[in-house]
Amino acid sequence: MTTSTVTPPAAGTRQGATHHRGSRIEHNRQRWGWFFLTPFAVIFLVFLVAPLGYAFWMSLHTKTLAAGESFTGIANYQRAFSDPLFLEGLLRVGKFVAVMVPIQIGVALAAALVLDTLATRLSKFSRLMIFAPYAIPGMIGALMWGFLYSPRFGPASDLFELVGATAPNFLGTGTVFGSLVNIVTWQWSGYYMIIIFAALRGIDPAIYEAARIDGATGWQTAVRIKVPMIASALVMVVIFSLIGTLQFFTEPAVLRTVAPGAIPADYTPNMYAFSLAFAYSQFNYASTIAFALGIVVFVFSYVFLYLTRKKSGLK
Amino acid sequence: MLGNTPVRRRRGATAVVGLGLVATLSACGGGDGTAEAGAGSGGSGASSGSCTNSIKVDDAPQVSVWAWYPAFEQVVDHFNDTHDDVQICWTNAGQGADEYTAFSTAIEAGSGAPDVIMLEAEVLSTFTIRDALVDLSEYGVGDLEDQFTEGAWSDVTNGDAIYAVPVDGGPMGMLYREDIFTEYGVEVPTTWEEFAAAGQQLKDAGYEGYITNFPTNGNAFIHALMAQKGWAPFTYDAAAPTEIGIDVDTPEAQEVLSYWEGLVDQGLVSTDEAFTADYNTSLVDGTYAVYLAAAWGPGYLQGLSDADEGATWRAAPIPQWEGEEPTQINWGGSTFAVTAQADDPELSARVAQEIFGTDESWEIGIGEAALFPLWRPVLESDGFASREYEFFDGQQIQKDVFLDAASGYPGFTFAPFQTYVYDQQTQQLFAMVEGQVDAAGALSAFEKSLVDYATGQGFTVTE
């Protein structure tokens with residue numbers, strides 16, 4: 001990151017110096033820039049900007065089963081932000097953020113710090129194993145956990161029987177929250193761990209040596225030196241995790257097939273948008289919910305980045 | 001802007017490269033389910049050349065069909081072999097909800113729907129209200145009326161309009177484990193009172209399972225149980241599509257739900273979610289002594305693994321409410337409808353009628369797919385009534401149970417937003433079996449949610 005922030009001014013200076021003499025060459029260069037940008041730009045416009053624009057246009061219209069379609073402006077947005085189902089869903093993903101993000105980052109950071117200090121063959125193997133769940137597609141992971149949680153096929157009832165207890169129902173109203181947190185932590189911690197680990201590897205070992213000479217213990221080195229030095233990576237990982245959790249969809253949607261009572265169709269805002277569009281045929285209102293969620297995600301991310309601007313290097 | 005020729009030539013090359021990339025990427029498809037979920041992704045298309053079956057007569061016009069019947073390819077092959085002037089191009093677009101999602105998206109997109117589509121009777125009004133189905137009365141389908149039972153016909157019609165051709169039905173009966181009832185010395189119940197008592201007796205005698213299961217996501221099954229008491233929650237007429245009568249919270253429905261709430265509280269029935277792996281295994285491994293089933297239930301049972309080897313299954317009529325006229329109920333069953341996107345509605349209507357319009361096709365339908373025919377020439381044939389089922393050790397289950405159930409079924413009116421109704425029902429029943437509300441509370445919350453929804457959708461709601 002530091003290198004990339006240093007380079008542009010240098011390039012800019014050179015550009016400025018050669019501007020008059022080489023304007024023709026510059027012009028040609030810019031042409032080539034656009035030329036190389038075209039494939040991306042086309043895909044970006046056709047598959048991202050255009051659908052988003054269309055969805056936004058749809059969100060400004062209202063179509064009901066009985067009354068047909070009409071332009072209603074922001075009425076849908078007023079409805080969305082007073083829709084108890086949407087707000088409950090938001091509150092629920094809010095709780096997931098509060099619980100899941102710290103757990104995931106905590107596990108990832110702890111694992112990365114431990115692996116960073118070890119240099120044995122075991123550490124390479126452990127790193128791979130912690131990362132492995134991320135290599136499993138989300139759908140498959142959730143399906144697999146659905147079986148593990150199953151009272152009949154899962155190992156829980158056998159394990160609890162060994163100590164003479166009855167296994168809890170992992171898919172009940174009260175427990176499904178924890179079960180979902182477990183799946184996501186299992187799946188994503190390894191990915192965050194790799195990012196943090198890579199950041200740790202980028203630190204100059206001379207700093208550790210200096211710390212050691214100054215008498216810092218391993219714990220002090222980790223907390224006082226390593227963590228502050230990888231703060232920008234941590235901020236990035238938290239942002240990933242925050243956005244992912246606010247858009248929570250795959251895991252609850254898959255578990256819903258085995259626990260439709262405990263996970264209603266509007267469990268998270270994204271699931272609500274999905275069922276509105278594809279189960280209840282309310283494409284317009286579904287677009288509104290999707291955009292409303294987008295606004296919330298943007299606000300959350302912005303606030304977080306603002307609060308951590310000193311740490312992230314994104315001033 | 002770009003003056004010199006070499007650049008222009010290269011620019012042409014870019015366009016080609018760009019298009020190539022676009023083509024590759026769009027082929028990958030599948031979004032990541034993020035904020036743009038509402039943007040709609042177009043129908044999956046039903047163009048010719050994507051048929052699952054082989055076309056026998058190449059120059060005949062083709063009619064595309066979506067259906068998920070078991071062994072349907074044989075039925076399609078039979079149709080195509082026996083028709084020179086029209087050929088079926090069949091696609092399996094998913095079962096039930098999956099197919100409806102694809103169809104619904106195709107309706108919204110304005111293209112991509114097939115000509116003829118398999119729909120359960122319960123979703124017909126969901127699609128008629130979106131003008132997605134063709135009224136078949138213009139194409140002579142009305143002449144078929146006396147080829148079907150009254151209940152089956154009323155499920156596909158609305159006033160003079162006919163929205164589909166009935167195919168198979170789901171008259172309900174009670175499939176039970178004779179070996180379990182014999183082992184614990186319990187009589188097979190014929191009324192719901194006896195059913196509750198039998199559940200208690202089985203439990204007292206040391207049976208570790210449950211007499212049956214009460215799935216909170218039972219959807220049409222739960223509807224049927226309440227309908228048996230005379231519950232008619234919806235009044236809806238496609239001729240006046242903006243009006244709907246909603247009368248969900250009735251004394252009859254309360255009585256039925258309280259009955260099941262009681263069985264759940266006493267631990268006599270389980271409350272596993274239906275159609276999960278757990279439920280499927282419990283059906284056949286002796287966890288449930290009774291499977292309250294539709295006529296397609298035996299076929300479903302036979303497809304499940306991990307079955308008890310010593311199981312002896314028998315079929316009996318569905319229990320009745322004491323002191324009331326015996327009432328027959330229905331769970332599921334399907335029809336063929338012609339979509340508004342059909343290129344040739346007349347030809348499509350003919351296909352919809354003729355797919356299951358011969359003895360040969362029904363031989364496949366009954367023998368291979370275990371369907372229950374609604375077409376009277378087969379339904380009322382001796383061969384069907386006296387058919388012996390190996391799974392039931394030779395019992396003639398149609399004559400014993402399902403034929404009476406089918407002829408006594410009066411029909412049922414579903415809501416034009418049935419998916420929403422089912423989702424709400426599941427949520428309220430789940431709250432009930434978890435002990436958060438009682439039967440009365442569940443029903444009143446259920447009704448309120450539907451009235452609110454219908455009002456929000458622009459309906460005039462009456463009782």
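Assorted remarks:
- Per-region count, the range B:407-428, residues within 16 Å of the chain's Cα centre (by Cα), more than 11 Å from chain A (Cβ to nearest Cβ) and among the aromatic types (Phe, Trp, Tyr): 2
- Condition met for A:ALA66 (within 13 Å of another protein chain (Cβ to nearest Cβ), within 29 Å of A:TYR191 (Cβ to Cβ), surrounded by 16 or more Cβ atoms within 10 Å (Cβ to Cβ) and not polar (S, T, N, Q)): no
- The range B:438-463 residues that are closer than 18 Å to A:LEU65 by Cβ, paired with ones that are polar (S, T, N, Q) and not in a helix (DSSP H, G or I) (beta carbon under 7 Å, 6 or more apart): B:GLN457/A:THR64; B:GLY458/A:THR64; B:GLY458/B:THR242; B:PHE459/B:THR242; B:THR460/B:THR242
- Filtered residues of the range A:273-289 (kept if at the interface with chain B (Cβ under 7 Å from one of its Cβ atoms) and under 17 Å from A:PRO252 (Cα atoms)): A:ALA273, A:PHE274, A:PHE278, A:ALA279
- Counted residues, the range A:268-308 - those being under 20 Å from the mean Cα position of the chain (by Cα) and assigned to a helix (DSSP H, G or I): 25
- From the list B:VAL338, B:VAL351, B:VAL290, B:VAL378, the lone residue that is more than 27 Å from B:PHE103 (Cα to Cα), touching a strand residue (DSSP E or B) at 6+ places or on another chain (Cβ under 9 Å) and among the hydrophobic types (A, V, I, L, M, F, W, C) is B:VAL290.
- Among residues of the range B:156-181 that are without any contact (Cβ under 8 Å) to a residue 40 or more places away in the chain and within 25 Å of B:LEU379 (Cα to Cα), those with a Cβ under 6 angstrom from a residue that is hydrophobic (A, V, I, L, M, F, W, C) and surrounded by fewer than 24 Cβ atoms within 10 Å (Cβ to Cβ), sequence gap 6+ or separate chain, pair up as B:ILE162/B:VAL141.
- Here the condition is being of a type in the set (A, V, I, L, M) and under 20 Å from the mean Cα position of the chain (by Cα); of A:MET144, A:MET100, A:MET129, it holds for A:MET100 alone.
- Complete set of residues in the range A:64-89 that are at pLDDT below 90 and of a type in the set (Gly, Ala, Ser): A:ALA66, A:ALA67, A:GLY68, A:SER70, A:GLY73
- Restricting B:ASP404, B:ASP344 to residues that are outside the structural domain of B:GLU178 (by TED's automatic domain parsing), touching a residue at least 24 places away in the same chain (Cβ under 8 Å) and within 30 Å of B:ASP249 (Cα to Cα) narrows the list to B:ASP404.
- Among residues of the range B:182-225, those that are in contact (Cβ under 8 Å) with a residue 40 or more places away in the chain, among the hydroxyl-bearing types (Ser, Thr, Tyr) and under 20 Å from B:PHE392 (Cβ atoms), counted: 2
- Filter result for B:ALA349 (away from every other protein chain (no Cβ under 14 Å), in contact with a Phe, Trp or Tyr (Cβ under 9 Å, 6 or more places away or on another chain), crowded, with 21+ Cβ neighbours inside 10 Å and hydrophobic (A, V, I, L, M, F, W, C)): yes
- Verdict on A:TYR272 being farther than 30 Å from A:ALA199 by Cβ, surrounded by 20 or more Cβ atoms within 10 Å (Cβ to Cβ) and free of Cβ contacts under 8 Å to residues at least 60 places away in the same chain: no
- For the range B:275-312, a residue qualifies if it is within 14 Å of chain A (Cβ to nearest Cβ), outside any helix (DSSP H, G or I) and not hydrophobic (A, V, I, L, M, F, W, C), and the qualifying residues are B:THR276, B:ASP285, B:GLY286, B:THR287, B:TYR288, B:SER305, B:ASP306.
- Scanning the range B:258-304 for residues that are in contact (Cβ under 8 Å) with a residue 12 or more places away in the chain and among the polar types (S, T, N, Q) gives B:SER258, B:GLN266, B:SER270, B:THR271, B:ASN280, B:THR281, B:SER282, B:THR287, B:GLN302.
- Criterion (over 22 Å from the mean Cα position of the chain (by Cα) and at pLDDT 95 or above) met by exactly one of B:ALA196, B:ALA164, B:ALA109: B:ALA196
- So B:ASP382, is it surrounded by fewer than 19 Cβ atoms within 10 Å (Cβ to Cβ), of a type in the set (D, E, K, R), out of contact with any helix residue (DSSP H, G or I) (no Cβ under 6 Å at 6 or more places or on another chain) and at positive phi: no
- In this structure, A:ALA265 qualifies as within 30 Å of B:TYR420 (Cβ to Cβ) and either small (Gly, Ala, Ser) or in a loop (DSSP other than H, G, I, E, B) (or both).
- Among the conditions (1) surrounded by 22 or more Cβ atoms within 10 Å (Cβ to Cβ); (2) away from every other protein chain (no Cβ under 14 Å); (3) part of a helix (DSSP H, G or I); (4) under 21 Å from the mean Cα position of the chain (by Cα), B:TRP153 misses just one, which is (1).
- Scanning the range B:205-217 for residues that are among the small types (Gly, Ala, Ser) and in contact with a helix residue (DSSP H, G or I) (Cβ under 8 Å, 6 or more places away or on another chain) yields a single hit, B:GLY209.
- Any chance A:VAL296 is of a type in the set (A, V, I, L, M), more than 11 Å from chain B (Cβ to nearest Cβ) and touching a residue at least 12 places away in the same chain (Cβ under 8 Å): no
- Scope the range A:25-44; condition surrounded by 12 or more Cβ atoms within 10 Å (Cβ to Cβ) and either closer than 30 Å to A:PHE283 by Cβ or among the β-branched types (Val, Ile, Thr) (or both); matching residues: A:THR38, A:ALA41, A:VAL42, A:ILE43, A:PHE44
- Test: B:VAL75 is in a helix (DSSP H, G or I) and more than 19 Å from the chain's Cα centre (by Cα): yes
- Residue match in the range B:54-74 (condition: closer than 17 Å to B:LEU347 by Cα, in contact (Cβ under 8 Å) with a residue 12 or more places away in the chain and within 14 Å of chain A (Cβ to nearest Cβ)): no
- Of all the residues in the range B:287-340, those that are farther than 22 Å from B:VAL167 by Cα, buried (at least 18 other Cβ atoms within 10 Å of the Cβ) and of a type in the set (Gly, Ala, Ser) number 3.
- Odd one out for B:ALA67 among (1) farther than 23 Å from B:PRO166 by Cα; (2) of a type in the set (Gly, Ala, Ser); (3) within 21 Å of the chain's Cα centre (by Cα): (1)
The values are calculated or read from the model by the stated rules, or taken from the named source; none is laboratory data. Since the structure is predicted, the reported quantities are computational estimates derived from the model, not experimental observations. Note: ideal-geometry Cβ built from the backbone for every residue, glycine included; neighbour counts use all protein chains shown.
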